[in-house]
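Single-structure report; data block below.
The values are calculated or read from the model by the stated rules, or taken from the named source; none is laboratory data. Worth saying up front: this structure is predicted, and the values here are computed from it rather than measured. When we count neighbours, we look across all protein chains shown, and the Cβ atoms used for this are built from the backbone with ideal geometry, even at glycine.
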Amino acid sequence: MPLPGLDPAELTAAISGLPNADVTGALVRITGRAGHWSGTSGVGDLETGEGVPSDAHIRIGSISKVFTATIVLQLAAEHRIDLDKPVQQYLPGVLPADLPPVQVGQLLNHTSGLPRVAANADFGDGSPEWFAAHRLKSFTPQQAIDLMAGQPMPFAPGTAQQYSGMNYYVAGLLVEKITGHTFAHEVRSRITRPLALRDTYAPDADDPRLPTPHSHAYLTVTSPDGTKHPVDVTEQSPWPWAEGGMISTPADLDRFITALFRGRLLPPAQQAELFTVPDVPNFRSTQCRTETDAGRACMSMGIMRVKASNGVVVWGKTGSRPGYTSGVFATRDLSRKIVYSLNPTNLNGTEMPYIQQIAAASFGPLIPATT
């Protein structure tokens, strides 16, 4: 299916009207032989009114999972991990003891059926007010995994797909157990250094800083007297780690997905896994929710397949942290690549219309599923 041409006016309109109550700033970078475009909108600093830097450092959230999956697939290629073996064999005692065997590959493509986590006051109530007050608080991966204890599995491993960050906390621990090095070290030695991604890294859990240039992140919080005001949450703990704690830039993400899709990071067998979506139903997932998914899985080992209503297919990943929502996607042949980043002021997903507009202007409209 041919790609639509890039219309600068449509792309500009997709991110226009910022800042507003929902989003303070946005940036988009489109590259590839089918056309180039870049643009920013809104402000990167509410106090000074300074614009959004086009080369801003961003908290990439769950795009970190692509790096994690790539490393696990590399370890599989090195015969240090078998994707079909239970993760319990490599990490005894990490998962709750009552869980059945869960294959390593099932972690990567979200078919593990790992339980949803129990509510825990230490991890917050999901409100902007709690996060703003506790944004420097950090947790260990094992503390997050332990929240699954006593919770039921939504389905048997391998029978359905449900997006869950728990899969990648376990995958990160697996990387460290097999290599004997930190996750940050493996990201550096296997990906960022070979590709010269100088602005991409996994920070320590106690390092809340975001390098400059960057857009500030804000959350709108409600005071006890009922008034609302923005709180700067740019500095926050990156404790989500291999699941969602990394930092990068639009240019680095472009280079990363280019190298990944060209096979520079994975041998052919593992490259095939990267683009293989399991033929199972989507189980109440926040992903795979477009009309073209038709209730089926859309995620492979680390990335997701997105089908526009015009037939164009792109692959990539979205990610979010409070104050940051981003994505990196490309066609298989890399004729079009897109990186975007938005700065939402709440945790309710009200930035989604902008993402849908960016997608429609970049490769084609996405029609949300009605059921």
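The set of residues from region 289-314 being at pLDDT 85 or above and either surrounded by fewer than 17 Cβ atoms within 10 Å (Cβ to Cβ) or charged (D, E, K, R) (or both) comprises 295, 296, 305, 307, 309, 310, 311, 313.
Taking the conditions exactly as written (in contact with a Phe, Trp or Tyr (Cβ under 9 Å, 6 or more places away or on another chain) and crowded, with 24+ Cβ neighbours inside 10 Å), does residue 286 satisfy them or not? No; evaluated as a whole, the condition is false for this residue. Before we move on, is residue 263 within 16 Å of residue 69 (Cα to Cα), small (Gly, Ala, Ser) and part of a loop (DSSP other than H, G, I, E, B)? Considered against the rule, which asks whether it is within 16 Å of residue 69 (Cα to Cα), small (Gly, Ala, Ser) and part of a loop (DSSP other than H, G, I, E, B), residue 263 comes out as yes. Just so you know, in region 101-131 the residues that are modelled with pLDDT under 95 and of a type in the set (Gly, Ala, Ser) include one that is nearest to the chain's Cα centre (by Cα), and it is 126. Among residues of region 177-191 that are more than 19 Å from residue 140 (Cβ to Cβ), those with a beta-carbon under 7 Å from a residue that is modelled with pLDDT of 95 or more and assigned to a helix (DSSP H, G or I) at least six positions away or on a different chain give the pairs 190/71; 190/74; 191/67; 191/70. Regarding region 266-275, can at least one residue be identified that is of a type outside the set (S, T, N, Q) and either at positive phi or without any contact (Cβ under 8 Å) to a residue 24 or more places away in the chain (or both)? Yes, region 266-275 contains at least one residue that is of a type outside the set (S, T, N, Q) and either at positive phi or without any contact (Cβ under 8 Å) to a residue 24 or more places away in the chain (or both).
One residue stands out among those in region 56-86 that are more than 19 Å from the chain's Cα centre (by Cα) and part of a loop (DSSP other than H, G, I, E, B): the one that is nearest to residue 193 (Cα to Cα), which is 78. When residue 311 is tested against (1) closer than 23 Å to residue 61 by Cβ; (2) in contact with a Gly (Cβ under 8 Å, 6 or more places away or on another chain); (3) not basic (Lys, Arg), just one condition goes unmet, and that condition is (1). Residues in region 327-371 that are hydroxyl-bearing (Ser, Thr, Tyr), within 21 Å of residue 303 (Cβ to Cβ) and part of a helix (DSSP H, G or I): 362 alone. Among the helices (runs of 4 or more DSSP H) confined to region 141-250, the ones with at least 2 residues that are farther than 22 Å from residue 126 by Cβ are located at 166-179, 183-187. Residue check: is residue 273 touching a Leu at 6+ places or on another chain (Cβ under 7 Å) and either of a type in the set (A, V, I, L, M) or assigned to a helix (DSSP H, G or I) (or both)? It is true that residue 273 is touching a Leu at 6+ places or on another chain (Cβ under 7 Å) and either of a type in the set (A, V, I, L, M) or assigned to a helix (DSSP H, G or I) (or both).
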